[in-house]
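Notes follow once the structure below has been shown.
Coordinate-derived values only; no laboratory data. Worth saying up front: this structure is predicted, and the values here are computed from it rather than measured. Cβ placement follows ideal geometry from the backbone for every residue including glycine, while neighbour counts extend to all protein chains displayed.
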Amino acid sequence: MSRLAADAPHGWAGNAIDRGKPLRFRLNGRVLEGFAGDTVLSAALASDIIAAGRHGDAALALEERFAPLISPTRGKTGLVLPMARTPALDGVDYVTLGERRDPIASTGLLGALRNRVLGPYRTLNHRYGGPPPAPPWHGAQAETVLEADAVVIGAGVAGLAAAGAAVAAGKHVVVIEKAGSPGGAAGFFGTVENEEAPAAQIARLVVGLEGKGRATLITSAEAYRVLGGMVFAHRVTVSDGRPTADIVAIRAPRVVLATGAFERLPVFPGNRTPGVVGALAAWQRATRHGVWIGNKLLVATPHSHSYRLALHAADAGLAVQRIVDSRVNPHSRFIDFCKAIGVTLASGQIPALAEPIRRNEASLKVTFAVAIEGVAQETEPVETEMLIASGGWQPDLALWLAAGGGARWDGERQALLADGQPEAIALAGAAAGCRSTAAAVASGRAAMLGLLGKSAPVVSDALIPSEFETPDGSSPNARIPSGRVASAYLDRGPTLVTRRIAAASRHGVSQLAAQTSVLSLGDVAAATSLGAIAPDDAGMVASERCVPGVELADTGWRPTVARPAPPAIAVPPPYLAGRFGPKPQLCVIAVSDSRHFEPGCLVFLGSDTRNADEAAGVIFAPAPGGRSGGLALMGKVPERLDATIYVVDSSGAVMARVLERLRA
Amino acid sequence: MSEPPFDCVVIGSGPLPGLVAGLLARSHGKRVALVGAHWSPFQLQRQIPVAAALQTRPESLKLLARLRDETTKLLASFGKGLVERADMLLVAEAPESIVALSHFRHMARALGWSAETTVDRQLPEARLVKLRDVTRLVDGRLEPALEAWLETGVTRLSAREVKLTLRRDGSIGIATAAGEISATQVLLADDAAILAHAPAGFVERQLTPVPMAAFLIEDSRPLDATIALYIDRGLLMARSAHGAVRVLASGDPLSVEARIGTTLSGDKPVRGAGEVRFAGLATQDGAPMLGAVRGEVHAIAGLGAAAPFYAPLVARYLAGASTPAEAEWLALRGPARGNQRSLAADYAAALP
């Protein structure tokens, strides 16, 4: 079991689980153990299932941003749930959805025997030919509609501050949070001197939701769409001991997006190998569910927050083998603390390759490279059980873009930042580009006050001066020597775009341009930093290509057809005006057989029908009274009505005659 | 004055403005500035350029056929593979559009186009016409060649840096980051340029705003033709070599996804891989519009998917070199056609 000790410090025992309430459930037939408060994903990870499956030759890590959808085998038919938000419930039998190749001996007696001899499988055995389908709820109709004065998406410190401002103003605010409880990532980043500790700050902000107004907190819910004053969210709940889910739509005139920032994936071969984990994801697993893969770890980072994570890991009894920083000679108080406890540190290096040592084991061989352009020097491989591979921070603007917001590339931060201003929507916190916790809180409050038409103090994002702490570096991109076959992905999510695609060029254009599936913000940010997307284009690409992968189904939509009562005599359509002179005549055209001429058939006075310019008229409606022939608009009419004229229909020129002139 | 005076400043992005600017410079010896965005291979294109339009007037269809041949010949000089032939399906479901499509089909056949009726079992009430061998521009191939062609003779200016002032006396002021530019003529060569720069009231009087959207769809049920125009659904779609479908949608923005999903999904839903919404314009009588907005500021609108093929006509118009037939056609299609409007009215009012 990959579970940290119950007395692990820094809250690493897992604040969401109750170790006094063990439970057992099945996933693809295998019995997994967990605790009340676990999600299916956390329990699977704690049970050493570390791979989602394979994409081509590459094994893909099972993680928060890449886990197959699941369904309970009994109960509500067709219920599809996300692993990361679905609670592990005692006695429930889940299966993962999608193409899966289970070994023959995976369950039953044979499976038990195999597990005893070789150890249980550490993969869900999925096969990914390309990006997995979008979650079905993205195209579903709302089952519950709530009314509110404001919606806040994200219950981190910025979202909580925004909600608190609404409540203080006497408003009803609905807060939607993906995790099972509020708090977000503030605890990972910690605080600068004299700032309130994150836990205390979160607790204070939660208390602040009680006031003149009212706050409704919806947890385990993913907001996936903001459209026309409506926010749509998919919510997972428990009913009678079984999981269930519904779509909640909240109608509100104000929306604050406090969706945070996600951690970029450093680009190097093997960057999604099982055992490679982001720093924030590792911290969230530990603090929420007490989950940690392996006992020893390597850390690769371009920022100082990972040093704090490594210190906490060491305090939890884990062996921190080495911390590798892409910055040259970085300094920070946490770096000093790491030095003080004897952690090996290296700077100016980036991860160059991560390879599994043995299948079905959490063991990795990691090679690092000198982070200087033009220098191809690599270190000897280091064996480990977990590589914490941290990248830069990318504000999560997916909903912002879907709501009509824009983006622009910030070269200094190597990230896409928000641009434009959709009506009645505001960004807050890390999503708005804030880097300090204090700024995130202030921006949350300011965003809500702005939407309420009130003034708010200017948000100041005070960072630790560079003489005390080296600023964050950009997300590392490793050089890939020829012959290195392991895939280097651009992002951790489901898009599965590789560096090979971004680097391939046809007619001087990256093959990424021809990619016909959704891209993620991480893909666009990585491709821009790699030079596959021009910085000036990055915002546009994000706006147009990073839309949620909405499924478009046959809704039976049909054009609205107005059927007014037909006039006594058909009126020629406007596009025939002037076509046959200033004073055309309406003529009933008769034909000797029972055919009805189609609108558009040209009428000629002579048998030469080759030149359309010589047409004397055109059929534009059926003949009155259901007769054969048709009704024509004619510029010239034969002197004798019984004279033969010619109408060209699909079969050729047909002899006909003018039966009657209706009016001039 | 940091730039020499220009004979013409063309404002707009995409193939038509580029081709017009290049033709004015190279074929008519004009000093030309092109104000617009450079092409990006990642951008969802706002057009599916194809030399066909749901027009019913013989003079318009004949003109388009001539311009198609002229433009194709021009593009052949850029390089190979920029133009291809494809089948195009036109689908009408409402009574008025069924009638209009029938008029179009008979006129197209009379002019020698291959336009045959066909059926779709899923749309028994609809009327379908398949146009064979329609000329289309190959997106992703034309644009880089056009960018290279424009490097000679055309000054490129970024749209973000240009502020256009149309004075009441008909003179034009163009401020850029580098200073004031003087120009004899200005062409507002796409809907975005008209919306951004046309004199107040012009759009309200002469044009109708139309919400537009461009989608990239990952995969769909097979289409019966490479290009398909669903007239009453406001959808123009083109299948790419990769199996993806590019869709241009006009009209009600709230129903766009339902319209696309209903049209493209077969047994399973289709998935959007990219999306952009933008504002378009339609002429009020459904006919193309080209002419002077005020003084020497000219605008072009309502050309639909065939717009790039009108480039030779537009360039000759601005250079004062229109043929008599073109001058006659243009006379009925200026912005101030007023009482003459009915003589140019056509059907393709608000199609993508």
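Which of B:284, B:43, B:206 moves the most in a Gaussian network model of chain B with Cα springs under 10 Å?
Comparing B:284, B:43, B:206 in the GNM, the peak value goes to B:43.
Starting from the amide H of residue A:35, placed 1.01 Å from N in the peptide plane, find each other amide H under 5 Å away whose residue is 5 or more places distant or on another chain.
Here the answer is A:23, since their amide H atoms fall under 5 Å of that of residue A:35.
Mind putting a number on the dipole of segment B:155-288 about its Cα centre? Charges go on the C-beta only, +1 for Lys and Arg and -1 for Asp and Glu, and I need it in Debye to the nearest 20. Could you put the intermediate results ahead of the total?
Details: 14 positive and 15 negative charges, 40 e Å.
I would put it at about 200 debye.
Percent relative contact order of segment A:523-656, based on C-alpha pairs within less than 8 angstrom and at least six residues apart? Walk me through the intermediate numbers first.
Numbers: 187 pairs, mean separation 29.1, N = 134.
RCO, segment A:523-656: 22 percent.
Under the definition of Cα pairs under 8 Å and six or more residues apart, what whole-number percent is the relative contact order of segment B:1-147?
26 percent.
Between residue A:191 and residue A:339, how high is the FRET efficiency from 1/(1 + (r/R0)^6) when r is the Cβ-Cβ distance and R₀ = 22 Å? Nearest 0.05.
Working: r = 22 Å, r/R0 = 0.98.
According to the calculation, E is roughly 0.50.
Label residue A:640 and residue A:628 with points 7 Å out from Cα along Cα→Cβ: what is the distance between them in nm?
So the two model labels end up 2.2 nm from each other.
Just name one of B:37, B:280, B:303: the one whose Cα is farthest towards the positive end of the charge dipole of chain B (beta-carbon charges, Lys/Arg +1, Asp/Glu -1).
With unit charges placed on the Cβ atoms, the residue in question is B:303.
Over segment A:439-579, how many percent of alpha carbon pairs lie in each 5 Å bin up to the one with the longest distance?
2, 7, 10, 10, 9, 10, 10, 9, 8, 6, 5, 5, 4, 3, 2, 1, 0, 0
Are there GluC sites (Glu not before Pro) in segment A:374-430 that DSSP puts in a loop and that have at most 13 other Cβ atoms within 10 Å, and which ones? Could the numbers behind the result be given before it?
Numbers: sites: A:378, A:383, A:385, A:412, A:423; in loops: A:385, A:412, A:423.
The qualifying sites are A:412, A:423.
Order A:432-439, A:306-313 from most to least packed using the mean count of other Cβ atoms within 10 Å.
Values: A:432-439: 22.2, A:306-313: 24.5.
Packing proxy ranking, top to bottom: A:306-313, A:432-439.
Output wanted: per-residue J couplings in Hz (rounded whole) for segment A:426-439, from phi through Karplus 6.51 cos²θ - 1.76 cosθ + 1.60, θ = phi - 60°, x for Gly and Pro.
With coefficients 6.51, -1.76 and 1.60, one gets 9, 9, 8, x, 4, 4, 7, x, 5, 10, 9, 4, 4, 5 Hz.
With +1 on each Lys and Arg Cβ and -1 on each Asp and Glu Cβ, and nothing else charged, work out how big the dipole of chain A is about its Cα centre, in Debye to the nearest 20.
Numbers: 64 positive and 59 negative charges, 260 e Å.
Dipole of chain A, to the nearest 20 debye: 1240 debye.
What residues of segment B:157-193 lie in the reach of a label at residue B:204, counting those whose backbone N is under 12 Å from a point 7 Å from the Cα along Cα→Cβ?
What the label zone holds, given the 12 Å backbone N cut-off, is no residue at all.
Please list the non-local residues whose amide H lies under 5 Å from the amide H of residue A:2, H modeled 1.01 Å from N, same-chain partners needing a gap of 5 or more.
Placed amide hydrogens put A:47, A:48 under 5 Å from residue A:2.
Among B:30/B:73; A:636/B:62; A:21/A:365, which pairs are too far apart, with a Cα-Cα distance over 26 Å? Walk me through the numbers before you get to the answer.
Details: B:30/B:73 21 Å; A:636/B:62 22 Å; A:21/A:365 37 Å.
Too far apart for the 26 Å limit: A:21/A:365.
Once you put a point 7 Å from the Cα of residue A:377 and another 7 Å from the Cα of residue B:118, both along the Cβ direction, what distance in nm separates them?
In this crude label model, residue A:377 to residue B:118 measures out at 6.5 nm.
Checking the cross-link filter: which aspartates and glutamates have an alpha carbon closer than 14 Å to that of residue A:212, excluding same-chain neighbours under 8 positions apart?
Cα-Cα hits under 14 Å: A:149.
To the nearest 500 deg cm²/dmol, what mean residue ellipticity at 222 nm is calculated for the protein assembly as shown from DSSP H runs of n ≥ 4 alone, each contributing -39,500 (n - 2.57), summed and divided by the residues? If you can, show how the numbers build up before the last one.
Numbers: 23 runs with 216 residues, N = 1016.
One gets -6000 deg cm²/dmol as the mean residue ellipticity at 222 nm.
Let me know the mean shielding of A:578-585 by other chains, meaning the per-residue number of their Cβ atoms within 10 Å of its Cβ. If you can, show how the numbers build up before the last one.
Details: counts 7, 7, 0, 0, 1, 0, 0, 0.
Partner Cβ neighbours, averaged per residue: 2.
Compute the distance in nm between two label points, each set 7 Å from the Cα along the Cα-to-Cβ direction, one at residue B:267 and one at residue A:214.
It works out to 4.9 nm between the two label points.
Just need the Rg to Rh number for the protein assembly as shown, please, alpha carbons only, Kirkwood Rh. Walk me through the intermediate numbers first.
On the way: Rg = 33.0 Å, Rh = 31.8 Å.
My calculation of the ratio gives 1.04.
Going by amide H atoms built from the backbone, whose H comes under 5 Å of the H on residue A:265, apart from near neighbours?
So residue A:265 has HN proximity to A:492.
Through the Karplus equation 6.51 cos²θ - 1.76 cosθ + 1.60, θ set to phi - 60°, convert the phi angles of segment A:145-152 into ³J(HN,Hα) values in whole Hz; use x for Gly and Pro.
With coefficients 6.51, -1.76 and 1.60, one gets 10, 10, 10, 8, 7, 7, 10, 10 Hz.
Using r as the Cβ-Cβ distance of residue B:151 and residue B:240, and R0 as 25 Å, what FRET efficiency do you calculate, to the nearest 0.05?
On the way: r = 28 Å, r/R0 = 1.10.
E(calc), rounded to 0.05, equals 0.35.
Pairs of alpha-carbon atoms within less than 8 angstrom and 6+ residues apart define the contacts here; what relative contact order does chain A have, in percent? If you can, show how the numbers build up before the last one.
Working: 1568 pairs, mean separation 82.1, N = 664.
Averaging sequence separation for qualifying contacts and normalising by length gives 12 percent for chain A.
Enter the mean number of other protein chain beta carbons within 10 Å of the beta carbon of each residue in A:593-601, as an integer.
4
Taking chain B as a Gaussian network, where each spring joins two C-alpha atoms under 10 Å apart, which residue of B:271, B:246, B:136 fluctuates the most?
Taking springs between Cα atoms under 10 Å, the residue moving most is B:271.
With θ set to phi - 60°, apply the Karplus curve 6.51 cos²θ - 1.76 cosθ + 1.60 along segment A:353-367 and write out the HN-Hα couplings as whole Hz, x wherever there is a Gly or Pro.
So the Karplus estimates, Gly and Pro as x, are 6, 10, 10, x, 7, 10, 5, 6, 9, 7, 9, 10, 10, 10, 10 Hz.
By counting other Cβ atoms within 10 Å of each Cβ, how are B:158, A:443 ranked from fewest to most? Mind showing how you got there, number by number?
Details: B:158 13, A:443 30.
Ascending number of Cβ neighbours within 10 Å: B:158, A:443.
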